[in-house]
Amino acid sequence: MSEPFLYGDSRLPDELDERVRSELKDGEQLLWVGQPRPGRFVRQALPVVLFGIPWTAFALFWTGMATWMVWGNAGAPAGPGILFRACFPLMGIPFILVGLGMLSSPFWARRKAKRTCYALTDRRAVLFEAGAFKSVEVRSYHPAALTKMFRRENADGSGDLVFEEITQWRRTNRGGRITNIQAHGFLGIDNVREIEELVRKALFLENHL
């Protein structure tokens, strides 16, 4: 296979480049590869950090108070229920770990961005979305699946080229409903308008509208 044309200065780390090329079918030509801006993923994690600050503070306070009540001036616990009272402060540790996970979410978001990449071929658009434990979810969008594609563009020319939005919801304990809309596409990329034009020309989307 001859070296494909890559739009602009689009080069991937060796591991991601190998993953993209291994996905290509016989005769399929690679036209563009790219990655999201890490900052886009980090900004999405900021609300989690803000929630994690009071959560972690309270978990540390509760664990500290429980430790003082059990192991304070009275010395080691004694009497009935000694095992439970001795281990009581340990109940706060899972909540502290959850809080630390929320506070470190920008780090994990940046790591996910660096392990995520996008590819455009003469047949489809492909997303390689990083998951947990080094897993990767591969999503392919052929022309017929891109009829509702739209662009969100920032002032600096970066933005999202959204292929689909999946709405998920769950009920709260009080009977309410929390709605979450998850977008899939070329998210957080540079020159989003130009990439959109490239996608439309490469996949002849006008013929599918």
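The values are calculated or read from the model by the stated rules, or taken from the named source; none is laboratory data. Owing to the predicted nature of the structure, the values given are computational and were not obtained by experimental measurement. When we count neighbours, we look across all protein chains shown, and the Cβ atoms used for this are built from the backbone with ideal geometry, even at glycine.
Here are the numbers for the structure shown:
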{"item": "Close pairs from the stretch 155-179: first not assigned by TED's automatic domain parsing to the domain that holds I189, partner loosely packed, with under 10 Cβ neighbours inside 10 Å and at pLDDT below 75, Cβ under 6 Å, at least 6 apart", "result": "none"}
{"item": "Some residue of the stretch 22-42 being surrounded by fewer than 16 Cβ atoms within 10 Å (Cβ to Cβ) and at pLDDT below 85", "result": "yes"}
{"item": "Members of the stretch 155-178 that are modelled with pLDDT of 75 or more and either surrounded by 12 or more Cβ atoms within 10 Å (Cβ to Cβ) or of a type in the set (V, I, T) (or both)", "result": "G157, S158, G159, D160, L161, V162, F163, E164, E165, I166, T167"}
{"item": "Output for the stretch 104-121, where each listed residue is out of contact with any Pro (no Cβ under 9 Å at 6 or more places or on another chain) and either of a type in the set (S, T, Y) or within 9 Å of P36 (Cα to Cα) (or both)", "result": "S104, S105"}
{"item": "One residue from W62, W32, W55 being part of a helix (DSSP H, G or I), touching a residue at least 12 places away in the same chain (Cβ under 8 Å) and either over 25 Å from the mean Cα position of the chain (by Cα) or in the same structural domain as H184 (by TED's automatic domain parsing) (or both)", "result": "W62"}
